[in-house]
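**Q** Let me give you the structure first, and then I'll get to my questions.
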Amino acid sequence: MTRKENKKPQPSPPSSSSSTSGGGGTAMRVIVPLQGVFQGRGGLFLGSVIPCALYYLFQLYVKTRTRHRFNSPPTSPHSNSTPSPSHNNLPELSVHPRSLSRTHLSSPTPSAFLSGRAASLAADSPYYAGLYKAAENSYHEVDNPEGVIHLAVGDNKICVDLVEDWMEKNLSGAVLEEGGDFTGIGITGISGCQPFDGVMKLKVAVASFMSQAVDNSVFFNPSQMVITSGVDPAIEILSFCLADYGNAFLVPTPHSPSFDGAAKWRTGVEIVPVPCRSADNFNLNIAALDQAFNQAKKRGQKVRGIIITNPSNPVGNLLSHETLLSLLDFAREKNIHIISNEIYAGSTYGNEEFVSMAEILEVEDHDRERVHIVYGLSDDISVPSYKACVIYSCNKNVLAAAKKLARLSSISAPTQQLLTSMLSDARFMQNFIEINRLRLQKMCQAFVARLKQLGIECARSDGGFHCWADMSALMRSYSEKGELELWDRLLNVAKINVTPGTSCHCIEPGWFGFCFTLLSEKDIPVVVERLQRISEATK
Amino acid sequence: MGIEIEKPCVVELSNIAVSNTHGEDSPYFAGWKAYDENPYDELTNPSGVIQMGLAENQVSFDLLERYLEEHSEATTWGKGVRNSSFRDNALFQDYHGLHSFRAAMASFMEQIRGERAKFEPDRLVITAGATAANELLTFILANPGDALLVPTPYYPGFDRDLRWRTGVKIVPIHCDSSNNFQITPEALEGAYKEAESMNTKVRGVLITNPSNPLGATIERSVLEQILEFVTRKNIHLVSDEIYSGSVFSPSEFVSVAEILEARNYKDAERVHIVYSLSKDLGLPGFRVGTIYSYNDKVVTTARRMSSFTLISSQTQHLLASMLSDKDFTELYIRTNRERLRKRYEMIIEGLRSNGIECLKGNGGLFCWMNMSPLLEKATKEGELKLWNAIIHQVKLNISPGSSCHCSEPGWFRVCFANMSENTLQVALERIRNFVDKIRTHTLTAGSN
């Protein structure tokens with residue numbers, strides 16, 4: 001079952017020129033007169049005055065419309081749904097200082113400055129474009145069978161029924177009821193100021209869940225945890241703690257598109273990609289890591305750490321015991337950190353065994369200070385919008401800084417209470433982990449098999465929520481452009497929103513991520529039929 | 001097992017991680033330590049430290065509790081979860097936030113302003129607390145090395161929220177007691193020039209209205225002057241209105257939103273309002289904050305950036321039903337204001353009877369107390385010496401003005417809404433004894 005149409009949010013792509021036309025004006029004013037110069041004397045007059053006049057009239061028109069916009073907020077899903085070149089240029093222009101253009105504006109309201117960091121966020125990407133399209137026109141089996149099937153977000157709803165069952169049985173009263181089924185604290189206990197990195201009760205529950213997820217091979221210390229409101233803040237907090245502005249992290253590609261935001265946006269840290277290839281099933285190669293490190297050094301970039309995702313996203317492969325050891329050796333030799341993003345540790349389903357960095361550190365304990373692990377909570381237990389994630393580290397200084405930063409992304413007390421209750425129910429969690437694994441395996445195998453029938457091969461995956469599919473045969477040209485063109489057809493013709501490899505910085509064009517955990521068995525034939533439309537059209 | 005001499009693993013951390021720009025080493029937070037080590041309890045520890053440095057609102061809890069008891073089915077899942085919106089809610093991953101929640105917040109904000117301003121739900125961006133909202137806006141409106149102008153005295157947490165990760169500076173707008181610490185055009189210009197002299201670009205002014213720590217609203221004429229200033233300099237205005245629902249008399253609070261609406265939103269694209277439920281509703285543990293912006297680009301950018309600081313959909317759902325119950329919110333707002341006013345009058349009277357004057361306040365959870373006559377020396381050191389005595393002898397944790405960057409020594413912020421009336425009486429009694437002791441000591445010293 002996919003999202004219902006009636007709860008569609010109102011996305012708002014930035015309106016193209018409401019607050020930035022002044023900045024655009026500065027650039028135009030240089031270009032337009034130059035045109036006239038090149039066209040000769042008569043042309044000089046016509047070539048400069050007429051375009052200028054038209055442009056100023058256009059500005060006036062836009063400004064007049066802008067004034068009326070404040071009572072109609074930026075919610076028009078029907079405008080600006082696909083990124084256009086000028087649209088993408090505007091954020092840079094908006095950063096341009098205002099002083100030059102004031103005297104030329106017919107309207108007295110110059111637009112206010114936005115930072116460089118805001119500009120990079122405002123730029124559109126396939127991720128946002130797909131999100132808007134999917135939100136405007138979500139698929140629903142009954143109400144909107146021609147809607148967009150959204151498979152570009154890493155969510156798992158395969159076991160949400162188990163969570164519903166649990167809540168039905170365990171939540172007999174209000175969330176905040178005194179003496180209720182939670183911890184009997186009542187509102188006064190949970191509404192006041194709390195430790196921003198999570199209450200100890202939740203941490204203890206999380207420690208036990210984490211142990212279960214790695215088959216009890218590791219004991220997790222609750223005092224070494226910082227709980228945050230999701231993976232993005234967790235990665236961002238670690239990025240702020242381990243690297244300075246302008247430093248870099250090595251990250252094997254393809255990687256989750258959200259790293260671009262979490263590791264880079266506000267921190268000013270760079271990502272140096274370490275390309276992995278399909279010939280290796282996109283497994284990490286230490287030689288490639290070394291090469292990327294040396295190249296970064298030559299460029300004058302200081303590498304502060306490596307970010308690995310295990311099970312990986314979007315490919316879904318696992319890092320072997322041997323690779324993890326080699327990684328640790330490498331990090332030790334270069335004296336850098338490792339961030340091990342293990343948010344899918346509870347969602348492995350293949351025959352290969354998952355090895356957590358925590359297990360490696362049980363033995364290699366002299367390197368504990370350099371390894372920091374991120375575990376997902378809400379994602380693993382099918383309540384992704386409850387937004388909860390754990391940073392686990394043995395480094396006291398990192399913990400101290402992360403604890404302070406957690407204040408800016410902490411989880412509300414009622415959600416902490418709910419999660420504590422659920423995670424402390426050991427029998428439920430054990431059962432959940434087992435059933436989750438079985439269902440993931442079943443769904444993945446079913447989906448991969450159907451894709452294979454269409455001639456689409458997937459990389460081997462043993463965990464996570466995605467199938468990483470090779471759709472290069474359907475591209476019109478074997479290039480990034482060809483890939484994005486295919487992505488566009490998938491979105492607008494097949495009406496399936498998937499993640500293109502470019503968003504994940506995959507070095508080989510034509511790979512796409514399908515989040516199969518958003519599908520129910522009934523949806524698979526629908527997806528396949530839609531893909532057939534594209535594959536037939538390409539032949 | 002033999003003894004191994006291990007080479008210690010020394011991996012560097014970032015400058016941000018090791019710096020103290022978070023400001024948490026200031027006396028503001030140090031006083032909390034004294035409280036944590038020896039907290040007052042009416043029954044079990046009557047001689048402990050009374051916490052008067054925490055701006056939390058506990059005076060209207062009973063209203064919330066009663067509402068939640070009576071409306072448990074609306075605010076939770078449980079029996080009937082399968083027929084409910086639980087599944088959609090749990091899977092609803094959208095950084096816009098639930099529309100029902102944003103609509104409820106918008107309506108609540110309108111009620112607080114006596115319907116004198118309109119808020120569109122789609123201009124609200126949700127964050128995990130006002131702390132995150134202020135930081136997020138700073139990331140959006142200013143580059144590292146730029147500055148925001150903030151009137152003094154200000155909330156000590158701004159040093160962390162506006163500066164730590166953002167790399168943005170705070171340049172103070174100096175206010176003093178000669179005019180009740182109001183912001184003047186001269187002070188605004190002075191701050192701007194100070195930034196210019198440091199070659200620092202000013203990107204905006206950030207005001208708190210009602211003010212923390214002053215506990216007083218900003219007058220309409222002053223707001224208009226500030227608006228005129230920011231328009232002239234082409235910079236932003238952030239108005240943190242986190243205490244707007246805690247103004248004792250509704251007619252005394254003027255929000256910048258009202259002024260903008262009255263002038264048909266001229267120059268509104270540079271104005272952004274921050275709000276939270278932590279103070280007015282007394283729910284700091286819920287981590288609910290919002291940014292309301294009249295600037296489309298800021299709304300879009302803030303929304304995307306809010307992925308780092310989202311509120312769980314469960315919490316949104318819970319609050320949406322409560323805040324859209326207009327009868328309840330009206331009752332709550334009215335009762336809360338009344339109770340806070342009574343508390344305020346109680347503490348003002350209590351202090352006055354001991355010869356201690358406070359700034360005339362009309363909102364918030366604290367009063368701005370003038371203890372300068374009791375200082376040995378009218379300096380920051382003198383103030384900290386007095387503050388130390390108050391923490392360790394009187395056993396009250398109050399916030400010294402210097403931690404709020406107040407330019408005049410001797411002022412202290414005293415919170416009154418995070419305790420029972422009995423505890424407040426105990427605190428006032430302790431102050432009386434302390435003041436008597438100082439006066440007696442002074443008299444004795446003077447007569448020798």
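**Q** Applying the Karplus parametrisation 6.51 cos²θ - 1.76 cosθ + 1.60 with θ = phi - 60° to the phi angles of region A:412-425, what ³J(HN,Hα) value in whole Hz is obtained for each residue in order, glycine and proline being reported as x?
**A** Once θ is set to phi - 60°, the couplings for region A:412-425 become 5, 4, x, 5, 4, 5, 4, 5, 4, 4, 5, 5, 7, 7 Hz.
**Q** In units of 2.2 N^0.38 Å, what is the alpha-carbon radius of gyration of region B:327-448?
**A** Details: Rg = 16.0 Å, N = 122, 2.2 N^0.38 = 13.7 Å.
So region B:327-448 has a normalised radius of gyration of 1.17.
**Q** Here is a further query. Write down the percent of antiparallel bridges among all DSSP beta bridges whose residues are both part of region B:233-358, to the nearest 5.
**A** Taking every DSSP beta bridge with both residues in region B:233-358, the antiparallel ones total about 55 percent.
**Q** Order these by the 10 Å Cβ neighbour count, fewest first: A:420, B:138. Display every interim value, and only then the final one.
**A** Values: A:420 21, B:138 27.
Result, fewest neighbours first: A:420, B:138.
**Q** What are the residues whose amide H is under 5 Å from the amide H of residue B:366, where those residues sit 5 or more places off or on another chain and H is modelled from the backbone?
**A** Sorted by chain and number, the residues that satisfy this are B:416.
**Q** Kirkwood-based Rg over Rh for region A:442-539 (C-alpha set), two decimals? Mind dumping the intermediate values first?
**A** On the way: Rg = 12.4 Å, Rh = 13.4 Å.
Rg divided by Rh gives 0.93.
**Q** If amide H atoms are built 1.01 Å from N in the plane of the peptide, which residues on other chains or at least 5 residues away come under 5 Å of the amide H of residue B:240?
**A** Hits under the 5 Å cutoff: B:207, B:208, B:209, B:274.
**Q** Using the Karplus curve 6.51 cos²θ - 1.76 cosθ + 1.60 with θ = phi - 60°, what ³J(HN,Hα) values do you get for each residue of region B:255-265, in whole Hz, with x for Gly and Pro?
**A** 8, 4, 4, 5, 5, 5, 4, 5, 9, 6, 6
**Q** Counting only GluC sites (Glu not before Pro) that are in a DSSP loop and have at most 13 other C-beta atoms within 10 Å, tell me the longest site-free stretch of chain B.
**A** Values: sites that count: B:4, B:6, B:42, B:115, B:376.
Result for the longest clean stretch: B:116-375.
**Q** What residues qualify as long-range amide H neighbours of residue A:150, i.e. H under 5 Å apart, gap of 5 or more or another chain, H built at 1.01 Å from N?
**A** A:139, A:497
**Q** So what's the angle, to the nearest 10 degrees on a 0 to 90 scale, between helix B:296-305 and the longest Cα principal axis of chain B?
**A** Once rounded, one gets 80 degrees.
**Q** Moving to a separate point now. Considering every residue in B:63-69, what mean count of other chain Cβ atoms within 10 Å of its Cβ is obtained? Walk me through the intermediate numbers first.
**A** Values: counts 0, 4, 7, 0, 1, 7, 7.
Whole-number average of other-chain Cβ neighbours for B:63-69 is 4.
**Q** Can I ask one more? If every alpha-carbon in region A:280-319 counts as one equal scatterer, what log10 I(q)/I(0) does Debye give at q = 0.18 1/Å?
**A** Here the Debye-derived log intensity ratios amount to -0.60.
**Q** Spelling out what I want: for every residue of region A:152-166, take phi, set θ = phi - 60°, compute 6.51 cos²θ - 1.76 cosθ + 1.60 (Karplus), and round to whole Hz; glycine and proline get x.
**A** Result, ordered by residue: 10, 10, x, 10, 10, 10, 5, 10, 5, 5, 5, 5, 4, 4, 4 Hz.
**Q** Over region A:333-444, consider all pairs of different Cα atoms and compute the Kirkwood hydrodynamic radius from their mean reciprocal separation; express it in Å, one decimal.
**A** Details: mean 1/r = 0.0628 Å⁻¹.
Result for region A:333-444 stands at 15.9 Å.
**Q** Moving on to the next point. What's the average, rounded to a whole number, of partner chain beta-carbon atoms within 10 Å of each residue's beta-carbon in A:388-400?
**A** On the way: counts 1, 0, 0, 0, 0, 0, 1, 4, 0, 5, 4, 0, 3.
Shielding by partners across A:388-400 averages 1.
**Q** What are the semi-axes of the equivalent ellipsoid of region B:110-269, taken as the square roots of 5 times the eigenvalues of the Cα gyration tensor, listed largest first and rounded to whole Å? Write out the running numbers ahead of the final one.
**A** Numbers: eigenvalues 109, 69, 51 Å².
Working from the Cα gyration tensor, I get semi-axes of 23, 19, 16 Å.
**Q** Right, next: May I ask for the Kirkwood hydrodynamic radius of chain B, worked out over all distinct Cα pairs and given in angstroms to one decimal?
**A** Details: mean 1/r = 0.0428 Å⁻¹.
When all Cα pairs of chain B are included, the Kirkwood radius is 23.3 Å.
Rule-based calculations on the coordinates, nothing more; no lab input. Predicted model only: the values in this text are computed from it and were never measured. Counting neighbours? That spans all protein chains shown, and the Cβs are built from the backbone with ideal geometry, glycine included.
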